[in-house]
Amino acid sequence: MILRGALIQATWTGSKETMIEKHLNYVAEAAKQGAQIMCFQELFYGPYFCQIQDRKGYSWVESIPNGPTTQLMQEAAKKYGMALIVPMYEEEQTGVYYNTAAVIDADGKYLGKYRKTHLPREEWKEGVRPGREYPVFDTDFGRIAIQICYDWFFPEPTAIFALKGAEIILAPTWGNTLPDHDGMADGETTFRVRARDNGVYMVPSVYDGNSLVIDPLGRILASNAG
């Protein structure tokens, strides 16, 4: 089976509302090109945690799946017949925050969520909690898993997902996936190694660097770098 996927690499517009509108337009555009699954960037509708002006206020957080953005994306997924990976700021209960991605199937059904398990200091210093589970999701297009940004620095999560039968690991990322430089193995190499070591497709969607589709042999099948 040939699966056509889409990744979003969008610039910050200045508000949550305009970011959501921008991404809905991208979903519609991807649908016209035949995309069946689409992954947004990490925390797609807002700035990164250390850039939030209200800091501890966290006016960006929502409940998942009962918040308005998840429900809006469920409607979009159903309308276009496209599975969506939607990373957001989650508030489980008052004062309990996670960096989370909602997984929505092509019929609009909410399949579950993945909470980022490895947190850099920019997040844990601001009170974000780590996730504790490594779920896989059976979509209309295969079994997938999610990693979020710093997760890909560590080999164990990818191995866990592969052992659970994940075929594709989508990785919304705020950081970069640039090629190696100054003798340092950067994101591009790391993702290629993860794919090859575990026999899975790795698909990072990023703000900085190159959004990529990497096959189980570590080959780059697609990149926004050309």
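The values are calculated or read from the model by the stated rules, or taken from the named source; none is laboratory data. All of these numbers come straight from a predicted model, not from anything done at the bench. Cβ: placed from backbone, ideal geometry, glycine included. Neighbour counts: every protein chain shown. Ligands, DNA and RNA are stripped out before the accessible areas are found, and what is left, the full protein with its side chains, is counted by its heavy atoms. Shrake-Rupley method; radii C 1.70, N 1.55, O 1.52, S 1.80 Å.
Quick check: with the 1.4 Å probe, what order do 207, 98 take by accessible area, largest first?
207, 98
How many Å² of accessible area per residue for segment 77-226, probe 1.4 Å? Intermediate results must be reported in sequence, preceding the final value.
Values: 6610 Å² over 150 residues.
Normalised by residue count, the accessible surface of segment 77-226 is 44 Å².
What is the total of Lys pairs in the chain with C-alpha atoms under 14 Å apart, excluding same-chain pairs fewer than 8 positions apart?
So the count works out to 4.
Determine the percent antiparallel among the DSSP beta bridges restricted to segment 35-144, to the nearest 5. Don't jump to the answer; show the numbers that get you there.
On the way: 17 of 22 bridges.
Close to 75 percent.
Take residue 126, project a point 7 Å from its Cα along the Cβ direction, then tell me which residues of segment 207-226 have their backbone nitrogen under 17 Å from it.
Inside the label zone: 207-208.
Restrict the search to segment 74-159; then list the trypsin sites (Lys or Arg not before Pro) that DSSP places in a loop and that have at most 10 other Cβ atoms within 10 Å of their Cβ.
The qualifying sites are 132.
Working from the alpha-carbon coordinates of segment 1-150, get Rg over Rh, Rh being the Kirkwood radius.
A ratio of 0.95.
Starting from the Cα of residue 3, step 7 Å along the direction of its Cβ; do the same at residue 17; then give the gap between the two resulting points in nm.
Inter-label distance under the simple model: 3.6 nm.
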